[in-house]
Every structure is written in C-alpha cells, then in structure tokens.
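To start, the structure itself, in structure tokens.
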Amino acid sequence: MAVNNAMTADFLRSAYGGESMAHMRYLIWGEEAEKNGFPNIGRLFKAVANAEWVHAKNHFNVLKDGVGDNSVVAGAAFGNTDIVQNLQGAIDGELHEVKQMYPVYLETAKFQSEKDAERSFHFALEAEKIHAELFKSAQENAKAGNDIGNDKIYVCPVCGYTEIGDNVDKCPVCSTKKEMFKNF
Ligand code: FE2
Ligand code: FE2
Ligand code: FE2
C-alpha cells in the first residue's frame, strides 16, 4: 500500500491521530462506566474502542511506506465526568466523523485516485454511523439510570463494523465472516 498525494497522506495521518485518541478515550470512559455501575455500557465503550483501533491500524498501514516523523493534528473531546456527558462526547465525536471528517477525506481520496485510502476511509465512515447510533441508544438508557442489555457486542476485525447481538452472518460493510468477529 502506498499513498502518492500529500493531501490524502495528511488526512490519513490526522484520521490515525483522531482514531488513536478515540480508542484511548473510550477505554477510559468504559472503565469509568464500569466503576459507576454500568458494566454493559462499559463493554460497549471497550468494543467500540477496539473498532477505533481497527480504523487507526488501517490508516497507519495505508501509510506504510511513509517512513518518518510528522506532527499530527486531530480533534479530540476531553472531560471525564458523568456517564451521560461522556456518552455525549462520544456521540459528538462520532457525528463529527460521519457528517464532516470522513465524507471530506473519502471524497479527497477518490479525487486523488487513492484506492487504499478510499477503502480505509469508507470502512471508518460506515462504522462511525453505527457507533453514533449505539451511543445514542446507550445514552437514552443512561439518562433513565439504566444500563444497556447484556447481549454480546461484535466487532469486525477488518472494518470496525460493530453490532449488538447476533443479527448478521457476515459483515454488511466488508463481507468478513461472522466467526472472525471479535466479541465483547
Ligand atoms: Fe473510527
Ligand atoms: Fe467510532
Ligand atoms: Fe467488516
């Protein structure tokens, strides 16, 4: 894999930075949720953290040949207060990626004929749409003082697609078989 255009490479590095921080933030918020009596929302955070790691890894590997140091600028939410607010931070972050960041990055990769970057951005965009919905529904529960259910949460190791419960045989985004999914 390689990248020929500077702007796509910049976007890959920035997306890598954003995904890396989201990964860490969700682990922190997941631990906080568990500590405060929401073990299943904690598990959701940890599953989605794994999906963000998949995205970071995909972006990083598209840049495989780009050896060297770079300063990376990426947006990140801060704060670790109550569970409803932490989930709001997660929802806002996912929606930023869905509505602005990834559509722009994806169009740029297409315009610059960067096939590998296009695939990596496409995978992330599709997964973030689902993450936003999962966090919204978790927040509805948390607002009422409730945890979410204890169904297994699955993550596709190729694209980061995430689902609660057994609803699909293969990944609807990248067709990876269900038995390859990681579960939480
Ligand atoms: Fe992501
Ligand atoms: Fe996400
Ligand atoms: Fe997938």
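Brief remarks follow.
- Sorted largest first, the spans of the alpha carbon positions of region 1-44 along the three principal axes are 48, 15, 9 Å.
- Net charge of Cβ neighbours under 14 Å - reference R43; Lys, Arg +1; Asp, Glu -1: -2
- Per residue accessible area in Å² of region 64-149, where ligands, DNA and RNA are left out and the probe is 1.4 Å: 55 Å²
- Normalised per residue, the accessible area of region 1-61 is 41 Å², obtained with a 1.4 Å probe and no contribution from ligands, DNA or RNA.
- Whichever lysines have a C-alpha closer than 24 Å to that of K143, once near sequence neighbours (fewer than 8 apart) are set aside: K35, K46, K129, K152
- Quotient of C-alpha Rg and 2.2 N^0.38 Å, computed over region 121-176: 1.22
- With only Cα atoms counted, region 1-158 has Rg and Dmax values of 16.1, 50 Å.
- Rg then Dmax, both in Å and based on the Cα atoms of region 1-82: 15.1, 49.
- Of F121, F111, F135, the residue with the greatest mean-square motion in the GNM of the chain, using alpha carbon springs below 10 Å, is F111.
- Computed over region 72-125, the ratio Rg/Rh where both radii use C-alpha atoms and Rh is Kirkwood: 1.11
- Computed on region 67-184, the Cα convex hull volume stands at 139 Å³ per residue.
- 5 angstrom amide H check on K170, placed H, neighbours 5+ away: K178
- Per-residue packing, averaged as other Cβ atoms within 10 Å, sorts the ranges 145-157, 75-87, 49-61 into the order 49-61, 145-157, 75-87, beginning with the highest.
The values are calculated or read from the model by the stated rules, or taken from the named source; none is laboratory data. Just so we're clear, the structure is a prediction, and the values are computed from it rather than from any experiment. Every residue, glycine among them, receives a Cβ derived from its backbone with ideal geometry; neighbour counts consider all protein chains shown. For accessibility, only protein heavy atoms count, side chains too; no ligands or nucleic acids. Shrake-Rupley method; radii C 1.70, N 1.55, O 1.52, S 1.80 Å.
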